[in-house]
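Structure, as structure tokens:
The values are calculated or read from the model by the stated rules, or taken from the named source; none is laboratory data. Since this is a predicted model, take the numbers as computed values, not measurements. Every residue, glycine as well, gets a Cβ built from its backbone with ideal geometry; the counts of neighbours run over all protein chains shown.
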């Protein structure tokens, strides 16, 4: 019984790999982000950070509602932006959700955590202008981190393709939820 494919020699394999690399390069060069992604992302992160700071400091049912409303706004904006990206390009990019939308890179994560901690501290001190400044700086920092990752991805998609695993994101979400619940219960 003969194989349906002819044996490929080293030259044929090299040509096939070169063709695949060129196709990946053309696809990556043709990818477009939704208009205003960075601005919308900065706004959504700032709203989420500000509402979280207020809600944690308030430690009331209304505060919890504000936290959830801020989270809902962020998740709605993130979902819409990812949907628009897929509609515009017809593809998914591994790492786009975690590195761009969820700021899972090292620098954006540190910026987010710093803005979150500063915002919560300022909210407990009733320094609302400082809460707003921390939220805005966190939103802008996350957007700049997203921009940096996108540029690096466009330059070298193989190296920058992998995002955080869905399991890790799920674990982090559960830990964040339990931490928030602990703040409300043990206040």
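Brief remarks on what is shown
- Of all residues in the stretch 78-97, those that are in contact (Cβ under 8 Å) with a residue 24 or more places away in the chain and at negative phi have Cβ atoms under 6 Å from Cβ atoms of residues that are crowded, with 19+ Cβ neighbours inside 10 Å and assigned to a helix (DSSP H, G or I), 6 or more apart or on another chain, in 78/101; 81/37.
- Residue that is surrounded by the fewest Cβ atoms within 10 Å (Cβ to Cβ), among those in the stretch 84-107 that are in a helix (DSSP H, G or I) and at pLDDT below 80: 106
- Flag set for residue 46, criterion: in contact with a helix residue (DSSP H, G or I) (Cβ under 6 Å, 6 or more places away or on another chain), part of a helix (DSSP H, G or I), within 20 Å of residue 149 (Cα to Cα) and at pLDDT 95 or above.
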